[in-house]
Amino acid sequence: MNDKKVKFIFITGGVCSSLGKGISIASLGMLLESHGYKVSLIKMDPYINIDPGTMSPYQHGEVYVTEDGAETDLDLGYYERFTHANLSRKNSVTTGQIYYAVIQRERHGDYLGQTVQVIPHITNEIKKRIFDVAADDDLDFVLVEIGGTVGDMESIPFIEAIRQIRQELGSSRVLNVHLTLIPTITVAGELKTKPTQHSVKELMEMGIIPEILLCRSASPLSPEMRSKIALFCNVSERNVISAIDIKSSIYEIPEMLHQQGYDEIVLEHFKMTKTTPSFGEWNGFMGKLRNPGRKVKIAVVGKYISLQDSYRSIYEALLHGAVANEAELDILRVDSEEVLEKKFRLNARAYFSKNRIDGILVPGGFGNRGIEGKISAINYARTEGIPLFGICLGLQLSVIEFARNVCGLAGANSKEFDPSSPHPVISLLIEQEILEWKGGTMRLGAYKCVLVPGSKAAAIYGTDSVMERHRHRYEVTLKYRETLEKGSLRFCGINPQTELIEAIEIPEHPWFICTQYHPEFKSRPIAPHPLFRDFIRASIENGNSRKS
Ligand code: GLN
């Protein structure tokens, strides 16, 4: 551990899931940073998968990818968007990883003679993961989010591990926060504290004494409610924080918590210096977010459109881009299969002209459901001069559309969707004989992308090379490069080691840029990603020119 005596803040959740633990802990991280402290954050997920990489977005929402290529919970996205923490695979821990490590050690003979048990072996491994993060850099705080809800069987070893840490380090180094729900009985219009009382009681039975309660409720807590919760849950009234449902934006949450003294309470607990926090850049973002100018309407054409969280980072990055352009973001979520293939039977033209959109974004995805609908949306954008941003699968489908309709390669496809395509313009690396690929089956994490001088991408980024994060198996088939370039598709981003295609653009189109990587993972409210910022700018311009 570093010499600074890192402090640990553990957050548990009560009553039910989806209360926004991830955003609340990210907000606390942001507030502590604004007092000048350095933080890191860990998500502990009590499921047995090693990581969410193989889970369906229907199960888990988006898979967030870190710089070092870990496939993680989407809460890490909030941590990175709200704070400056450098997150890696160490910051995402699952029950699966813990058991896997312990069982491997057992097979290796490291526990010879012992019975391997949940306590102490599993709990020790959990503690080790937390202390490993604390040993990094010059941290002041490690914030740990325990996934799931108190009372779930799965999270018991995690709760026991954090109990032990509190026991070992004492309250001067550890603080427990509990996020809970105060439901409203709609007919009576009354807020109810009983579920919270039970949840705190359950935590206490496991040896955790929460010092701060974050109470999620539809309306603010009255002073009477606060004192009732304080009395029954054994905390001071000041430490009952009202976390009301925010309808406008999650970015309002840090300020809401700060106004109730959340960060002060935390710093007082640790007897640490409080400063007058500086929210400079954050305030700049909030000011623009609250007072937008014109609307910008972006169609996101995807497969998991009905779920809020499947394209979380895309939606956030679009918002950052819109705010940077002082515009209000309106997202039209288009289910490519239902809407374009079934209802409009690939007639994207009819659909989009009816729905007056300013720009189209085609996000990443796996599997062939809905791909022809996406290709028709890309065709519409390309031929009508509508700004198009293709990401990962979006790039691959744009290459297919271009190969079919500009280069005359009938039946062009990706090997992922049509293994016997006569023109597999997208294929696996091992299928491309020119390259010897030694990696795993997926290209994951940050790779270098050299931007071609004079390209639009280079101008937008304002630099000659970038590091961007990947999560895909397939690539543009390099032997088609010349044919595609003759049709005037420009390969504007290239990986210098492998020559793989990282980004493409159509020079004569107002804004047609696609990336094999996922730029959305690196966009932050105070540092919007250049491609998202410029895509929104171009979309606004497109909307204006259409009106005039
Ligand atoms: N299915 C494609 C591939 O594996 C694209 C993946 C993605 O969009 N993340 O390459």
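The values are calculated or read from the model by the stated rules, or taken from the named source; none is laboratory data. Please read these numbers as outputs of a predicted model, since none were measured by experiment. Using ideal geometry, Cβ is built from the backbone for each residue, glycine included, and neighbour counts are taken over all protein chains shown. Side chains included, ligands, DNA and RNA excluded: accessible areas come from the protein's heavy atoms. Shrake-Rupley method; radii C 1.70, N 1.55, O 1.52, S 1.80 Å.
Structure notes:
- Subset of the stretch 107-119 that is part of a loop (DSSP other than H, G, I, E, B) and of a type in the set (Val, Ile, Thr) - its residue that is surrounded by the fewest Cβ atoms within 10 Å (Cβ to Cβ): THR115
- Residues of the stretch 216-240 that are within 30 Å of VAL323 (Cβ to Cβ) and modelled with pLDDT of 95 or more: none at all.
- Residues located in the stretch 334-351, provided they are part of a helix (DSSP H, G or I) and either open to solvent by 10 Å² or more (accessible area, probe 1.4 Å) or small (Gly, Ala, Ser) (or both): SER336, GLU337, GLU338, VAL339, GLU341, LYS342, LYS343, ALA348, ARG349, ALA350, TYR351
- Members of the stretch 438-460 found to be buried (at least 21 other Cβ atoms within 10 Å of the Cβ) and either in a helix (DSSP H, G or I) or out of contact with any strand residue (DSSP E or B) (no Cβ under 7 Å at 6 or more places or on another chain) (or both), listed by number: LYS456, ALA457, ILE460
- Among the candidates ILE378, ILE371, ILE400, the residue that is of a type in the set (A, V, I, L, M, F, W, C), farther than 17 Å from TYR474 by Cα, free of Cβ contacts under 8 Å to residues at least 60 places away in the same chain and within 16 Å of the ligand (Cβ to nearest atom) is uniquely ILE378.
- GLY394 vs. criteria surrounded by fewer than 15 Cβ atoms within 10 Å (Cβ to Cβ) and not in a strand (DSSP E or B): no
- Total residues in the stretch 171-200, condition farther than 27 Å from TYR78 by Cα and either modelled with pLDDT of 95 or more or hydroxyl-bearing (Ser, Thr, Tyr) (or both): 5
- Hits in the stretch 292-332 (condition: among the basic types (Lys, Arg) and open to solvent by 40 Å² or more (accessible area, probe 1.4 Å)): ARG294, LYS295, LYS297
- Residues being in a loop (DSSP other than H, G, I, E, B), in contact with an Asp or Glu (Cβ under 9 Å, 6 or more places away or on another chain) and open to solvent by less than 10 Å² (accessible area, probe 1.4 Å) are represented in the stretch 493-500 by at least one member.
- Test: residue in the stretch 466-485 that is in a strand (DSSP E or B), modelled with pLDDT of 95 or more and away from the ligand (no atom under 16 Å from the Cβ): yes
- Matching residues in the stretch 165-198 - criterion: being surrounded by 13 or more Cβ atoms within 10 Å (Cβ to Cβ), out of contact with any helix residue (DSSP H, G or I) (no Cβ under 9 Å at 6 or more places or on another chain) and not in a loop (DSSP other than H, G, I, E, B): ARG166, LEU169, THR184, PRO195, HIS198
- For the stretch 404-424, a residue qualifies if it is within 16 Å of the ligand (Cβ to nearest atom) and either part of a strand (DSSP E or B) or closer than 11 Å to GLY487 by Cβ (or both), and the qualifying residues are ASN413, SER414, PRO424.
- Criterion (closer than 21 Å to ALA412 by Cβ, away from the ligand (no atom under 13 Å from the Cβ), at pLDDT below 95 and polar (S, T, N, Q)) met by exactly one of SER488, SER427: SER488
- Of the residues making up the stretch 127-140, at least one is of a type outside the set (Val, Ile, Thr) and without any contact (Cβ under 8 Å) to a residue 12 or more places away in the chain.
- Within the stretch 489-503, residues that are β-branched (Val, Ile, Thr) have Cβ atoms under 9 Å from residues that are part of a loop (DSSP other than H, G, I, E, B) in these pairs: ILE494/VAL452; ILE494/LEU500; THR498/LEU435; THR498/TRP437; ILE501/ASN495; ILE501/GLN516, counting only partners at least 6 apart in sequence or on another chain.
- Count - residues of the stretch 120-147 that are open to solvent by 30 Å² or more (accessible area, probe 1.4 Å) and either under 25 Å from LEU19 (Cβ atoms) or modelled with pLDDT under 95 (or both): 5
- Meets criteria (in a helix (DSSP H, G or I), farther than 25 Å from GLN259 by Cα and modelled with pLDDT of 95 or more) for TYR78: no
- Considered as a group, the residues in the stretch 40-65 that are surrounded by fewer than 20 Cβ atoms within 10 Å (Cβ to Cβ) and of a type in the set (A, V, I, L, M, F, W, C) include one that is farthest from ASP138 (Cα to Cα), and that residue is MET55.
- Any hit, the stretch 53-69, residues being on the phi < 0 side of the Ramachandran plot, of a type in the set (D, E, K, R), in contact with a strand residue (DSSP E or B) (Cβ under 6 Å, 6 or more places away or on another chain) and in a loop (DSSP other than H, G, I, E, B): yes
- For the stretch 352-366, the count of residues that are in contact (Cβ under 8 Å) with a residue 12 or more places away in the chain, of a type outside the set (A, V, I, L, M), within 16 Å of the ligand (Cβ to nearest atom) and surrounded by fewer than 19 Cβ atoms within 10 Å (Cβ to Cβ) is nonzero.
- LEU289 being in contact with a Ser or Thr (Cβ under 7 Å, 6 or more places away or on another chain) and open to solvent by 20 Å² or more (accessible area, probe 1.4 Å): yes
- Test: residue in the stretch 19-39 that is open to solvent by less than 30 Å² (accessible area, probe 1.4 Å) and in a strand (DSSP E or B): yes
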